Amino acid sequence: MSLIIAIDGPAASGKGTLARRLAEKYGLNHLDTGLTYRAVAHRMLIHGLPLDNESAAETAARQVDLGALDRAVLSQHGVGEAASKVAVMPKVRRALVDKQRQFAATPPGAVLDGRDIGTVVCPDADLKLYVTASAEERARRRHAEIVASGGVAEEADILADIRRRDERDMGRADSPLRPANDAHLLDTTTMDIEAAFRAASGLVDRVIAARTTS
Ligand code: CDP
């Protein structure tokens with residue numbers, strides 16, 4: 001029986017690491033749906049297309065290949081900002097959500113992380129998590145990540161970017177970032193990844209146990 005875990009939350013909340021580790025532990029496929037929006041933005045940027053060109057963005061979205069998402073290229077900070085601009089477009093979302101749903105439906109099931117997984121992509125997921133942390137803590141983590149990979153950035157600038165991106169993601173009309181009604185909230189502001197992973201694993205174990213006894 002297939003298992004689907006939906007993980008949503010704002011930028012740098014720790015949802016990506018959590019999703020990857022849960023997928024590994026439970027033998028599920030993993031899709032970071034943020035990379036799909038980043039892939040669209042990246043294609044627009046390298047072709048010099050304006051980010052508000054909806055028909056070009058829709059074409060780019062249809063060409064996204066889930067098997068060929070290059071994290072090293074797509075995870076650049078500027079691509080995330082551009083991704084949140086193309087992510088407001090309903091046609092882009094529809095094209096990507098179709099691909100994400102196909103991925104989720106493939107056995108043995110999957111962990112998907114993003115902004116609208118529990119609300120739109122997989123509303124019937126077996127478990128939904130909404131992972132948050134304060135904007136300051138998220139800026140601190142993102143800054144540490146950039147420094148660790150040899151980059152240079154001002155933490156204050158990252159905090160401003162994060163706030164701007166939160167506003168865009170929570171304020172858009174199509175599929176805004178918000179917890180699904182049946183999502184479990186996980187605030188990781190004072191939690192390290194191990195503690196967050198333990199809490200999330202406990203919830204997955206409960207879902208699996210409930211299935212085997214019913
Ligand atoms: O890693 P980070 O949290 O910085 O960003 P991401 O998850 O890679 O997502 C980049 C952008 O794509 C987000 O700011 C959203 O605007 C958009 N996105 C979305 O709209 N829906 C998703 N399911 C995933 C990402």
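The values are calculated or read from the model by the stated rules, or taken from the named source; none is laboratory data. This structure is a prediction, so every number in the text was calculated from the model and none was measured. Glycine gets a Cβ as well: all are built from the backbone with ideal geometry, and neighbour counts include every protein chain shown. SASA here: full protein model, heavy atoms, side chains in, ligands and nucleic acids out. Shrake-Rupley method; radii C 1.70, N 1.55, O 1.52, S 1.80 Å.
Among Glu58, Glu81, Glu154, which one moves the most in a GNM of the chain with springs linking Cα atoms closer than 10 Å?
Glu154
Compute the length gained on full extension between Leu66 and Val207: take 0.36 nm times their separation in residues and subtract their Cα-Cα distance, giving the result in nm to one decimal.
Fully extending the segment from Leu66 to Val207 adds 48.0 nm.
Evaluate the Debye formula for the stretch 30-107 with equal point scatterers sitting on the alpha carbons, no solvent, and hand back log10 of I(q)/I(0) at q = 0.11, 0.17, 0.22 Å⁻¹, in q order, two decimals.
Debye intensities relative to I(0), on a log10 scale: -0.24, -0.56, -0.94.
Looking at the chain, how many pairs of lysines come closer than 23 Å at the Cα, when each pair is eight or more places apart or spans two chains?
Numbers: Lys15/Lys25; Lys15/Lys85; Lys15/Lys99; Lys15/Lys128; Lys25/Lys128; Lys85/Lys99; Lys91/Lys99; Lys99/Lys128.
Total qualifying Lys-Lys pairs in the chain comes to 8.
Suppose R0 equals 45 Å. What FRET efficiency, 1/(1 + (r/R0)^6) with r the Cβ-Cβ distance, do Asp98 and Glu136 give to the nearest 0.05?
Numbers: r = 37 Å, r/R0 = 0.81.
For Asp98 and Glu136, the calculated efficiency is 0.75.
Just the number, please: carbon plus sulfur as a percent of the accessible area of the chain, 1.4 Å probe, no ligands or DNA/RNA counted. Don't jump to the answer; show the numbers that get you there.
On the way: 5420 of 10330 Å².
Taking all protein chains in place, the chain shows 52 percent carbon and sulfur surface.
Report the gain in length on full extension from Asp182 to Arg20: 0.36 nm times residue separation, minus Cα-Cα distance, nm rounded to one decimal.
Stretched fully, the Asp182-Arg20 segment lengthens by 56.1 nm.
Tell me the net charge near Ile7. Cut-off is 13 Å between Cβ atoms, Ile7 excluded, with +1 for each Lys or Arg and -1 for each Asp or Glu.
Taking every Cβ under 13 Å from that of Ile7, the sum is 0.
Please give the FRET efficiency for Asp166 paired with Asp52, using the beta carbon to beta carbon distance and R0 = 30 Å, rounded to the nearest 0.05.
Values: r = 20 Å, r/R0 = 0.68.
The calculated FRET efficiency here is 0.90.
Of Ala200, Ala68, Ala11, which has the largest mean-square fluctuation in a 10 Å C-alpha GNM of the chain?
Maximum fluctuation in the GNM of the chain, among the listed residues, is at Ala68.
Under 13 Å from the 7 Å Cα→Cβ point of Ala173, by amide nitrogen: which residues of the stretch 55-91?
88-91
Nearest 500 deg cm²/dmol is fine: what mean residue ellipticity at 222 nm does the chain get from its DSSP H runs of n ≥ 4 alone, each adding -39,500 (n - 2.57), divided by its residue count?
-17500 deg cm²/dmol
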